[in-house]
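Participant: Could you have a look at this structure, given as structure tokens, before my questions?
What follows draws every value from the coordinates through simple rules; no lab data is involved. Being a predicted model, the structure only gives us computed values, none of them experimental. Neighbour counts run over all protein chains shown; Cβ positions are idealised from the backbone, glycine included.
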């Protein structure tokens, strides 16, 4: 049975909110994430439960069934592959692709997505540094940490972002902070925790605590 766009989006959001450990997700959390009234969320959860995609009891948390997990992972796989295609093959900026991929991820063709994966050379990460599930649905979260955990004098490589908002990505572009760039912490302001950082060993700038909290890095 084909799932609707809305049903797939709910499964994807439940997957994101439940985390690696698969914690139960509250109706209120779903309502906030979807900007939907709690009553409407409850109606959707009943539909998903009837399809065997979630475990749900009224006034209790919700979690994905094995079938629901597979659907959510498949949607995430398609979304991230389409983002790679849009950036690498059509020249979109990394700040432009999320909303387009949100529509393309619902195309119901497994054959298309496997052809797309092969055409792109089986990429492991999307343009924002997020891992792409493989054809079997395996999703390995890389061992990254946030820039605020880096000490003065330490050099790290920028591997991804937590905030995918276009305004944030555009801000990084203007600052010359891109995936793969080297970052060295030169100084941390004691008052507001803003930092002086050197990018690719050739230019230095100040970044706010908010920016640092949204940059995922890896030690060289």
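Participant: Would you kindly give the portion of the calculated P(r) for segment 1-109 that falls above 16 Å, as a percent of all Cα pairs? Could you put the intermediate results ahead of the total?
Facilitator: Numbers: 3425 of 5886 pairs.
The answer is 58 percent, as a whole percent.
Participant: One quarter of the convex hull surface, Cα atoms only: what value does that give for segment 5-64 in nm²? Walk me through the numbers before you get to the answer.
Facilitator: On the way: hull surface 14.1 nm².
It is 3.5 nm².
Participant: Using a simple spin-label model with points 7 Å from Cα along the Cα→Cβ vector, what separation in nm is obtained for residue 136 and residue 55?
Facilitator: About 2.4 nm, to one decimal.
Participant: If each residue of separation counts as 0.36 nm, what is the full-extension length gain between residue 24 and residue 189 once their alpha-carbon separation is subtracted?
Facilitator: Length gained, residue 24 through residue 189: 55.5 nm.
Participant: Using a ≥ b ≥ c from the Cα gyration tensor of segment 145-219 (square roots of the eigenvalues), is it rounded, prolate or oblate, where a/c under 1.5 gives rounded and otherwise the larger of a/b and b/c decides, a/b for prolate?
Facilitator: rounded
Participant: I've got another one for you. Nearest 10 degrees is fine. How inclined is helix 38-50 to the longest principal axis of the chain, computing both from alpha carbons?
Facilitator: Roughly 60 degrees between the two axes.
Participant: Under 8 Å for C-alpha pairs, at least 6 residues apart: give me the relative contact order for segment 5-64, rounded to a whole percent.
Facilitator: It comes to 37 percent, rounded to a whole number.
Participant: Which of 53, 182 has the fewest other C-beta atoms within 10 Å, and how do the rest follow up to the most?
Facilitator: Least crowded to most crowded, the residues run 182, 53.
Participant: I'd like the orientation of helix 5-18 relative to the chain: the angle between its Cα long axis and the longest Cα principal axis, in ° from 0 to 90, rounded to 10.
Facilitator: 60
Participant: Here's something else I'd like to know. For the chain, compute Rh as the Kirkwood radius over C-alpha pairs and then the Stokes-Einstein diffusion coefficient at 4 °C and 1.567 mPa s; write the answer in µm²/s, rounded to an integer.
Facilitator: Details: Rh = 19.1 Å.
For the chosen part, D equals 68 µm²/s.
Participant: Please give the calculated 222 nm ellipticity per residue for the chain, where each DSSP H segment of at least 4 residues contributes -39500 (n - 2.57) and the sum is spread over every residue; nearest 500 deg cm²/dmol?
Facilitator: Taking each H run of at least 4 residues, the total per residue is -12500 deg cm²/dmol.
Participant: Could you list 157, 77, 220, 115 so that the one with the fewest beta carbons within 10 Å of its beta carbon is first and the one with the most is last? If you can, show how the numbers build up before the last one.
Facilitator: Values: 157 15, 77 20, 220 8, 115 11.
Result, fewest neighbours first: 220, 115, 157, 77.
Participant: Fully extended, how many nm does the chain gain between residue 149 and residue 43 (0.36 nm per residue separation, minus their Cα-Cα distance)?
Facilitator: Result for the pair: 34.0 nm of gain on full extension.
Participant: Right, something else. With contacts defined as alpha carbon pairs under 8 Å and 6 or more residues apart, what's the relative contact order of the chain in percent? Could the numbers behind the result be given before it?
Facilitator: On the way: 312 pairs, mean separation 32.8, N = 220.
Normalised by residue count, the contact order of the chain is 15 percent.
Participant: Rounded to two decimals, what is the ratio between the C-alpha radius of gyration of segment 81-202 and 2.2 N^0.38 Å?
Facilitator: 1.23
Participant: Before anything else, pin down the relative contact order of segment 145-219: Cα pairs under 8 Å, at least 6 apart, normalised by residue count, whole percent.
Facilitator: 43
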